[in-house]
């Protein structure tokens, strides 16, 4: 009996210790942005200073689940905002597993679809879990707390009307996350034409953009020197898989970033990349 009591007491003490540790770790009142190491795909987890959880894309498989479990308290099973930038498999596949394991409060995506089996499975999953599909357009904003805003800069409704049979990448959602004096531009798999449209509509906000996610895993056709000059980021993050068959990131993009003296981190080489900000300064992990 005493042995059972002792074991139970140790278990309780251990659980309390874990809860206290995780509460300290995850409740530091800072913005956390994690570029998950999901291979050849995108999955970006954002935790706001007040503890709201945002997930942008889900990667090509269930690797995103490890990223979420590493960066959320074990008792937190809610995603307050889920965004799918576009329906390609390397962005949507992991979201099927996320929906099965987490409660999703709000879901937004771009107004474009594909007929792939994985996207059809995803649509069935959100229907099964009664998750409403909403569309994001230029000008839409999510205001989470004081001076923390996620604003959409692409696509535009006019583009949707005129696009015809454009590829899904050209519909990829581009958002600007700002927290006080910190700015992060998330670009999905956007093409250069969309990036040029966006930098022309940032209305001077680019001077506060410290970090850019390089479009389309470092594709040759997603970024240019002119766009980088306008945004002038301190850090570029490339979400990409090791030894992928596409040759991403391309030597063109890597040389461009080096030429512009922009610090660059890659998930294929650096693993999971975490950026922490108090709205004034930023810390980069690793």
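Values quoted throughout were computed directly from the atomic coordinates according to the rules given, and no laboratory measurement underlies them. Everything quoted here is computed from the prediction, not taken from an experiment. Ideal geometry is used to build each Cβ from the backbone, glycine not excepted, and the neighbour counts take in all protein chains shown.
One table, with the values for the structure above:
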read-out	value
By average C-beta atoms within 10 angstrom, highest first, the peptides 106-112, 246-252	106-112, 246-252
Structure-derived Cα extents along the principal axes in Å - corresponding label in [x] 47, 41, 38; [y] 47, 47, 36; [z] 74, 42, 40	[z]
In degrees, nearest ten, helix 89-101 long axis to first principal axis of the chain (Cα)	30
Distance (nanometres) between label positions extended 7 Å along Cα→Cβ at residue 242 and residue 133	3.6
Full-extension gain in nm, residue 269 to residue 281, via 0.36 nm per residue minus C-alpha separation	1.8 nm
Sum of -39500 (n - 2.57) over DSSP H runs of 4+, divided by residues of the chain (222 nm, nearest 500)	-9500 deg cm²/dmol
Cα-based shape type of the stretch 57-194, given that a ≥ b ≥ c are square roots of the gyration tensor eigenvalues and the cut on a/c is 1.5	oblate
Inter-part distance where the stretch 242-282 and the stretch 58-101 are each reduced to a Cα centre, Å	21
DSSP beta bridges in the stretch 29-285 [antiparallel fraction, %, rounded to 5]	60
Extension gain from residue 226 to residue 201, taking 0.36 nm per residue of separation minus the Cα-Cα distance	7.5 nm
Among 117-128, 264-275, the order from most to least packed when residues are scored by Cβ within 10 Å on average	264-275, 117-128
Taking 242, 151 and counting other C-beta atoms within 10 Å, the order from fewest to most	242, 151
Relative contact order, percent, the stretch 29-285 [alpha-carbon distance under 8 Å, six or more residues apart]	18
